[in-house]
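Structure first, then comments.
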Amino acid sequence: MKAAVLVEANEPLRIEEVELDPPKAYEVRVNIAAAGVCRSDLHFMRGEAVIAKPAVLGHEGSAIVQEVGEGVTRVAPGDHVILSFVPFCGRCPSCISGRANLCDTHLATGPSMFDGTRRLHWNGKDLAHMGKVACFAEQAVVPEAGCMKIDADFPLPVAALIGCSVTTGVGSVLFSAQVEPGSTVAVIGCGGVGLNVVQGARLAGAKRIIAVDINDAALEFATRFGATDTLNPNDGDALKAIRDMTGGGVDYAFEAFGSSETATMTFDAARKGGTAVIVGLAPMGDYASIDPVALVRYEKTLKGSYYGSSRPAIDFYRMVDFYESGKIDVDGLITRSYSLDQINEAYEELDRGVVGRGVITF
Ligand code: APR
Ligand code: ZN
C-alpha cells in the first residue's frame, strides 16, 4: 500500500509502497478515509519534535475497519471510526485516574504498537507509526482502543478533525480550563486548533473572545467561529491592546501556535487570578520565560492542555453531538482537500498560512 514516508527531517515526504502486517491481538486494520493536515506533523518534518525515522506521520484521521485481530470486541469489519492518537491501555495509573489522554503505556511505547513492535515496513526497515495512527497512508494497523465507532452516515472528513483539532481546541476550553459563561478569552494563534479554541469559547458562553494572529486572513476567518475582536501583533503591541480592552487582562488566555514567545505572551495576557493554557507544542528544548512575581502576586494559573484534557473514548462523542446539534461548525473549518500525492503541497500551504484546515482524502 501507499504511504507518505518521512525519511529524514527537512526533506520532503516520499510517497512509497510500504508493507503493512496483519493486525495482531487487540489490533485492527483499517482503510484510511480522511487525514487532517495538522502542524504537529510539520514539527516532526522540521525536527522541532523528534520521532524515530523512517516514519509514517498523520495523527488526525478517520477510517473504515477492514480486519480485526484476535480478541477485538470494540469494532467489527465495516465499522466507521475516529482514530485516537492516544489509545488507552486502561490499566496504567493515568488511565485509571481518568486521564486517558496521558496513558503511560502509550507514552512508553510511542510510535510502536502496545507490544513494542511495528506493523509497517519499508526497504527492510521498520517504520514508526506516529501516535499509533500513521494515517498518511492508504491503510493502517491501530490498537482497537484507538478506534471510536461512529454512525456510517457521519461525514468522515469531520470525523478526522474530531480526532485532533476539534477535541484539542474545544477540549482545552471545556475540559482543561473549564471556562465559565461571561468570561473574557484570548486565543493566540488561530489555525486549525486555535479556531476550535475560539468556537469552544463561544460554546462555553464567553462574552469576549479576542483572536490574535500574525495573519490577517486567519483573524477574519476567526470571526466566523465566534471571535469578537481581532489583533495582529504586527500592527502594534497586542499584549497592551488585550490589557487595554479588558481592564488588565483576560480571564483565560490560550496559546495555539507553539513557541516560547507566544507562551510568554499568553501568560502575560491573563488577568489577576486568570488562567493561561498552553495548547501548542513549542520546539523541543525551548524554554519560555514566565514572570514569577506575577504568578504569585496575581495568583495566576499556568496550565498545559494535551488532547484537550479529553478522554477520547468518551469525549469524541461529545464533539460528535456538538457538531450534530449545530453547536460547533466543523464543515466550515475544512477549506481544502488533497490527495495523498499532494501532501508536501498541503504542508507548504499550511506553513504559508492558508486559513482553516486541509484534509487528505482517499
Ligand atoms: N503570534 C500569533 N499567531 C501566530 C504567530 C505569532 N507569533 N505565529 C504563527 N501564528 C499563527 C499562524 O498564522 C497560524 O494561523 O498560528 C496559527 C497556527 O495554525 P496552524 O499552522 O494551522 O497550526 P495548528 O494545526 O492549528 O496547530 C497549532 O497546536 O497541536 C498543536 O502541534 C500543534 O503546535 C501546534 C499548534
Ligand atoms: Zn494535531
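Here are some notes:
- Based on C-alpha pairs under 8 angstrom that are at least 6 apart in sequence, the chain has a relative contact order of 18 percent.
- When you work out D = kT/(6 pi eta Rh) for the stretch 155-289 at 37 °C and 0.692 mPa s, using the Kirkwood radius from C-alpha pairs as Rh and the Stokes-Einstein form, the result is 228 µm²/s.
- Projected label distance in nm at Leu295 and Thr361, using a 7 Å step from Cα toward the beta-carbon: 4.7
- Under 25 Å from the Cα of Lys207 - lysines, other chains or at least 8 residues apart: Lys240, Lys272, Lys300, Lys303, Lys327
- Global form of the stretch 218-339, assessed from the alpha-carbon gyration tensor, a/c cut-off 1.5: prolate
- Rg then Dmax, both in Å and based on the Cα atoms of the stretch 150-193: 13.1, 39.
- Cα gyration tensor category, rounded, prolate or oblate, for the stretch 24-96 with a/c compared to 1.5: oblate
- Two-decimal Rg to Rh for the stretch 61-212 - Kirkwood Rh, Cα set: 1.03
- Take the Cα radius of gyration of the chain and divide it by 2.2 N^0.38 Å, N being the number of residues; the result is 0.96.
- Overall form of the stretch 77-156 per C-alpha gyration tensor (a/c, 1.5; a/b vs b/c): oblate
- Cross-link reach list, lysines versus Lys53, counting only Cα pairs under 19 Å and skipping chain neighbours closer than eight places: Lys2, Lys125, Lys132
- Inter-centroid distance (Cα atoms) of the stretch 226-288 relative to the stretch 146-220, Å: 16
- Sparsely packed loop sites in the stretch 286-324 (the chymotrypsin sites (Phe, Trp or Tyr not before Pro) outside DSSP H, G, I, E and B with at most 12 other Cβ atoms within 10 Å) comprise Tyr287.
- Check: the chain dipole with +1 on Lys, Arg Cβ and -1 on Asp, Glu Cβ, in debye: 960
FYI, it's all coordinate maths here, none of it is from the lab. Remember, it's a predicted structure, so these values are computed and weren't measured experimentally. Cβ: placed from backbone, ideal geometry, glycine included. Neighbour counts: every protein chain shown.
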